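Only the coordinates and a few stated rules stand behind these numbers; no lab work does. This is a predicted model, so every value here is computed, not measured. Please note: Cβ atoms are built from the backbone with ideal geometry, for glycine as well, and neighbour counts cover all protein chains shown.
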Amino acid sequence: MRTKLNSDQSDALRAFKAEVFQTLAHPTRIQIVEVLRDGELPVSAILAKIPVEAANLSQHLSLLRARRLVLHRKEKNQVWYSLRDPMLVEVLDTMRRYFKAHLEEAMGILAEIRQSR
């Protein structure tokens, strides 16, 4: 059941959504979220799974941290990262289904074009 929002609340919700999508608007940041989907990892493990320079990864992690999409903690000489809310993975899974649905539609149109030749 949806809660009825007033105009200010609706505007704030749209702004929040836009900020999350802007933060995720880079393939590396999406890949970081996907890597963290199964739990907390040290930066070294994230770097081993994502083929970017360490400085580049650090910049992306910093932005995700600033936008509060990931949490971090220091343990001795390592920094560990985790998703602030696993619900973010559900958003990406929904986007995967959305992509697949549109890809299947485009493939159907292509098949029709080929048959009409």
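Within the range 25-47, what residues put their amide N at less than 20 Å from the label point 7 Å along the Cα-to-Cβ vector of residue 63?
Residues 25-37, 43-44, 46-47 qualify, since their backbone N sits under 20 Å from the label point.
Dipole size in debye (nearest 20) for the chain around its Cα centre, Lys and Arg Cβ +1, Asp and Glu Cβ -1?
Numbers: 19 positive and 14 negative charges, 24 e Å.
So the dipole magnitude of the chain works out to roughly 120 debye.
Once both axes come from the Cα atoms, what is the angle between helix 7-23 and the longest principal axis of the chain, in degrees from 0 to 90, rounded to 10?
Relative to the chain, helix 7-23 is tipped by roughly 80 degrees.
Measure nothing but the geometry: give the 0 to 90° angle between the long axis through the Cα atoms of 87-115 and the longest principal axis through the Cα atoms of the chain, rounded to 10°.
30
To one decimal place, what orientation-averaged projected area in nm² is obtained for the convex hull of the Cα set of the chain?
Spelled out: convex hull of the Cα atoms, projected over all directions, averaged, 11.6 nm².
In debye, nearest 20, what is the charge dipole magnitude of the range 1-58 about its Cα centre with +1 on Lys and Arg Cβ and -1 on Asp and Glu Cβ, if you could check?
So the magnitude is around 260 debye.
Below 28 Å, Cα to Cα, which lysines can residue 4 reach? Residues fewer than 8 away in the same chain don't count.
17
Write out the GluC sites (Glu not before Pro) in the range 1-56 meeting two conditions: DSSP loop, and at most 13 other Cβ atoms within 10 Å of their Cβ.
53
Mean separation of Cα pairs under 8 Å and 6+ residues apart, divided by the residue count of the range 28-117: what relative contact order is that in percent?
29
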